[in-house]
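Asks: Pasting a structure below so you can have a look.
The values are calculated or read from the model by the stated rules, or taken from the named source; none is laboratory data. Everything quoted here is computed from the prediction, not taken from an experiment. Using ideal geometry, Cβ is built from the backbone for each residue, glycine included, and neighbour counts are taken over all protein chains shown. Areas reflect the complete protein model, heavy atoms only, side chains present, ligands, DNA and RNA absent. Shrake-Rupley method; radii C 1.70, N 1.55, O 1.52, S 1.80 Å.
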Amino acid sequence: MNAPVTARAHTNIALVKYWGKADTELMLPQTNSLSLTLDQFYTDTTVTFDDQLTADEVTVNDQLLSPTAAKKVHNFLNLVRQQASRTSFARVTSVNHVPTAAGLASSASAFAALAGAASKAAGMNLDKTALSRLARRGSGSATRSIFGGFVEWEAGHDDLSSRAVPLIEEVTWPIAVVALVLDPHHKKVSSRQGMQSSVTTSPFYPAWKQVVVDDLDAIKPAIRAQDFTTMGETLETNAMRMHALTLSAWPPFSYFNGDTLIAMQMVKGLRAAGLECYYTLDAGPNLKVFCQTADVPAIQDRFARQFGSDNVIVAHPGPGIQFLNEA
């Protein structure tokens, strides 16, 4: 039995979204994307390769998964075994500090942590660029969770060229994200289903690809210049244009619920009152509100009164992948 390796990876929130795959086998996206890694939401995963095992054993949040439920992890471990020239099965223990499948990108932190722990436990010593390529094979957004701070995922055209590149890893800008947990349950339409439907049936999808190019051109210099207004306006309009694809697909669908719409109006009301903040959301109903650190108490209080303090979580820019135990 090899020594266990534990990795921690944080989730990220996309400011400029990727919505649609060009290659579902290699998990290549249709467009580039850009995200911010968050400090409050993360996954700790321990991997041990053991010659005595007769199958992979996967435990998530103290629950042993059935072979069917663990199939994605098993397939990912096969990829690691192939790259590392190993045959042993693995014991995987994962603790998710993210509300699963509720639009907070739990798969990003989960597969980034799994990529780090499994590759190192298998004897590979991958740099972050190689790790981002590997993590992508488990979950597209996991590509970006290998790095901290602001990260761009370059779509590329093959397995080698599709990887994450850090824009600013050490964020000194006093910004925060107020995450609203408006519905902690599994969504009815998965991200993968939603993307595929949008790509194949929305008449606006070709325009979306140009939207991403334009938004990246606007947001990257804004981030470097700490231009909060341009960054905020860009991330908010980008999110709404992504969700317009779900409404224009066939059959149409939406990740919003009633509280999502209420929270959006509250953000606009706060802005009108002089508290500058902007919202985004991925494939789920939960809003993430970008603001400046000085405005966090007032914004947090306003949402806590509406949705309850337990459903309002303040996050800040977070780190890239960390190895907690290499004993």
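Asks: Could you tell me whether residue 56 is open to solvent by 10 Å² or more (accessible area, probe 1.4 Å), within 18 Å of the chain's Cα centre (by Cα) and not polar (S, T, N, Q)?
Replies: no
Asks: Do we find a residue being out of contact with any Phe, Trp or Tyr (no Cβ under 9 Å at 6 or more places or on another chain) and crowded, with 24+ Cβ neighbours inside 10 Å anywhere in the stretch 113-129?
Replies: no
Asks: So which helices (runs of 4 or more DSSP H) stay within the stretch 71-142 end to end and still have 1 or more residues that are closer than 30 Å to residue 260 by Cβ and hydrophobic (A, V, I, L, M, F, W, C)?
Replies: Fully inside the stretch 71-142 and qualifying: 106-121, 128-136.
Asks: Against the condition part of a helix (DSSP H, G or I), at pLDDT 95 or above and not aromatic (Phe, Trp, Tyr), how does residue 53 come out, does it pass? Let's see the steps before the verdict.
Replies: Details: part of a helix (DSSP H, G or I): no; at pLDDT 95 or above: yes; not aromatic (Phe, Trp, Tyr): yes.
No, not satisfied.
Asks: Of all helices (runs of 4 or more DSSP H) completely enclosed by the stretch 173-266, which ones contain at least 2 residues that are of a type in the set (Gly, Ala, Ser) and modelled with pLDDT under 95?
Replies: 191-201
Asks: In the set 105, 69, 101, which member is open to solvent by less than 30 Å² (accessible area, probe 1.4 Å), modelled with pLDDT under 95 and either of a type in the set (D, E, K, R) or out of contact with any Lys or Arg (no Cβ under 7 Å at 6 or more places or on another chain) (or both)?
Replies: None of the other options fit; the residue is 105.
Asks: Turning to a different aspect of this structure: Output the qualifying pairs, or none if there are none: Cβ atoms under 7 angstrom, residues six or more apart or on different chains, first residue in the stretch 185-203 and open to solvent by 90 Å² or more (accessible area, probe 1.4 Å), second residue modelled with pLDDT of 85 or more.
Replies: 203/248
Asks: Scanning for something more than 16 Å from residue 32 (Cβ to Cβ), open to solvent by 20 Å² or more (accessible area, probe 1.4 Å) and more than 20 Å from the chain's Cα centre (by Cα), does the stretch 209-221 turn up at least one residue?
Replies: no
Asks: List pairs: first in the stretch 122-147 and within 28 Å of residue 51 (Cβ to Cβ), second assigned to a loop (DSSP other than H, G, I, E, B) and open to solvent by 50 Å² or more (accessible area, probe 1.4 Å), Cβ under 6 Å, 6+ apart or cross-chain?
Replies: Pairs found: 122/86.
Asks: Give the stretch 169-183 a look and list any residue that's open to solvent by less than 80 Å² (accessible area, probe 1.4 Å) and under 30 Å from residue 304 (Cβ atoms), or say none.
Replies: Listed by number, the residues that qualify are 171, 173, 174, 175, 176, 177, 178, 179, 180, 181, 182, 183.
Asks: Taking the options 95, 80, name whichever one is touching a residue at least 24 places away in the same chain (Cβ under 8 Å) and either polar (S, T, N, Q) or buried (at least 19 other Cβ atoms within 10 Å of the Cβ) (or both).
Replies: Just one listed residue meets the conditions, 80.
Asks: Looking at this structure, is residue 231 out of contact with any Lys or Arg (no Cβ under 9 Å at 6 or more places or on another chain) and either open to solvent by less than 30 Å² (accessible area, probe 1.4 Å) or of a type in the set (D, E, K, R) (or both)? Step through it out loud before you land on a result.
Replies: Numbers: out of contact with any Lys or Arg (no Cβ under 9 Å at 6 or more places or on another chain): yes; either open to solvent by less than 30 Å² (accessible area, probe 1.4 Å) or of a type in the set (D, E, K, R) (or both): yes.
Against the criterion (out of contact with any Lys or Arg (no Cβ under 9 Å at 6 or more places or on another chain) and either open to solvent by less than 30 Å² (accessible area, probe 1.4 Å) or of a type in the set (D, E, K, R) (or both)), residue 231 qualifies.
One line per residue, one yes/no per condition, for (1) aliphatic (A, V, I, L, M); (2) open to solvent by 30 Å² or more (accessible area, probe 1.4 Å); (3) more than 18 Å from residue 178 (Cα to Cα):
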| residue | (1), (2), (3) |
| --- | --- |
| 241 | no, yes, yes |
| 288 | no, no, no |
| 301 | no, yes, no |
| 317 | no, yes, no |
| 325 | no, yes, yes |
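Asks: Still on this structure: When you go through (1) within 15 Å of residue 135 (Cα to Cα); (2) buried (at least 16 other Cβ atoms within 10 Å of the Cβ) one by one for residue 24, which number turns out not to apply?
Replies: All conditions are met except number (2).
Asks: Hey, another quick one. Suppose we filter 267, 296 for residues that are under 22 Å from residue 11 (Cβ atoms), among the aliphatic types (A, V, I, L, M) and touching a residue at least 40 places away in the same chain (Cβ under 8 Å); which single one remains?
Replies: So the residue among 267, 296 that is under 22 Å from residue 11 (Cβ atoms), among the aliphatic types (A, V, I, L, M) and touching a residue at least 40 places away in the same chain (Cβ under 8 Å) is 296.
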